[in-house]
Amino acid sequence: WVVGRRPDLLFVVPRPRRIVPWTAALRRMQRVTRWVDPTYLRNRLVCISLSQSSFIGEEFQTDPSGLPPVFPRDQCERWDVDALRGAAAQHPHQRGLWIFPGALSPDACADITSAVERLTGGHRVQGEQGVPVRAAAEKPPPAAPPAEEAAWEWLPYGHARWMVPLQPAGGVCDAFARGPLSELHSHGCTDARSWPSLGSLGCGGGEALRALEGLPASAMADGFRGRPPLFLQLQRLQRGASIGAHVDQHQQGGRAIMTAVVSGGGSDVRVGGVSFRVATGDVYALEGAARDSVDHEVYHGDEDRLSVTIRYGGRGDEDPYPYPR
């Protein structure tokens, strides 16, 4: 309120209200309404409870015993990747951390989303609604490869997270499938030679994924040229859930990793002491120090997220790795 004065009158008029832009008002509304979503709220509470040991570790450091250091979430360097749209870039300090904002077009993302729905029979989940859980591979896996499957259902792995494996377009390495991949719990220790092959995936989604498989060799050549693809992982992460801090297994995880966000972007990722925000269509990748020497995690988002992770092998004496043979 503003008090005005004239010689013959004392009057009070209201001060004009500041008009809030509709985009800011929408963001405020989304921040409030997301807590009304029971799925989001449940996943947030569960993931917060599961992460308590990490929070305690940040405050009370103990002997790391060779593990990568824990980076407090409020002390990370913020990487502004919006200005990098249209090209791949490596972080100037955290070597081996790559980002390619907008690498996938909206049409490519839509095609991949449709292909994943067909591949999983309409997002069927193993162990739910009468869908059987696929059997683990024999130990040791037989020399004769099993028949390649044309479809594969989601397998729950962790809280509010599901995964589907794919062979690379050229097929999975037999020695890799019968060795490390037969012990990969995120895919039920199944025989990787029976996984659907990217080379057999039709329509626009298959084409988009095959182009994505070859993307890092050209766009991130310093880190990925000469690295053959080992296998792919389709991943669903429900809104409110997160992927905790971890370093991928050495044998099963390959020597370099690329992840593309296909739908439901808008969440933060932390790699070592660097955090950044990814959106639908963005690609980020880890190799070298970013893959081996520091941990990484995916923070919760407001939407269900679909992503694809592609793992690559070594490149000779420069980065030795026994697969593929």
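Data table
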{"item": "Alpha-carbon gyration tensor eigenvalues x 5, square-rooted, for the stretch 207-258, Å", "result": "23, 16, 11"}
{"item": "Inter-centroid distance (Cα atoms) of the stretch 131-172 relative to the stretch 178-222, Å", "result": "11"}
{"item": "Accessible carbon and sulfur surface of the stretch 170-219 relative to its total accessible area, %, 1.4 Å", "result": "52"}
{"item": "P(r) of the stretch 171-325 over all Cα-Cα pairs, binned every 5 Å from zero, in whole percent", "result": "2, 9, 18, 21, 22, 18, 9, 2, 0"}
{"item": "Accessible surface of the stretch 242-285 [probe 1.4 Å, protein heavy atoms]: carbon and sulfur percent", "result": "48"}
{"item": "Packing rank of 142-149, 102-109, 250-257, where each peptide gets the mean count of other beta carbons within 10 Å, highest leading", "result": "250-257, 102-109, 142-149"}
{"item": "Backbone HN-Hα couplings from phi across the stretch 142-151 [Karplus 6.51/-1.76/1.60, Hz, Gly and Pro as x]", "result": "x, 5, 6, x, x, 5, 6, 7, 8, 9"}
{"item": "Rounded accessible area per residue of the stretch 172-260, 1.4 Å, Å²", "result": "31"}
{"item": "³J(HN,Hα), Karplus 6.51/-1.76/1.60, whole Hz, each residue of the stretch 99-106, x for Gly, Pro", "result": "9, 9, x, x, 5, 9, 6, x"}
{"item": "Integer Hz, Karplus 6.51/-1.76/1.60 couplings in order for the stretch 239-245, x for Gly and Pro", "result": "3, x, 8, 9, 10, x, 4"}
{"item": "Accessible surface, per residue, of the stretch 122-165 when the full set of protein chains is kept, probe 1.4 Å, Å²", "result": "58"}
{"item": "Computed over the stretch 77-159, Cα set: Rg, Dmax in Å", "result": "19.6, 51"}
{"item": "√(5λ) per eigenvalue of the Cα gyration tensor, the stretch 249-315, largest first, Å", "result": "22, 14, 9"}
{"item": "Taking the convex hull of Cα positions in the stretch 96-229, its mean projected area over all directions (nm²)", "result": "9.4"}
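The values are calculated or read from the model by the stated rules, or taken from the named source; none is laboratory data. A quick note: this is a predicted structure, and the numbers were derived from the prediction, not measured. For neighbour counting, all protein chains shown are included, and Cβ atoms are generated from backbone atoms with ideal geometry for every residue, glycine included. What goes into the accessible areas is simple: the full protein's heavy atoms, side chains included, and nothing from ligands, DNA or RNA. Shrake-Rupley method; radii C 1.70, N 1.55, O 1.52, S 1.80 Å.
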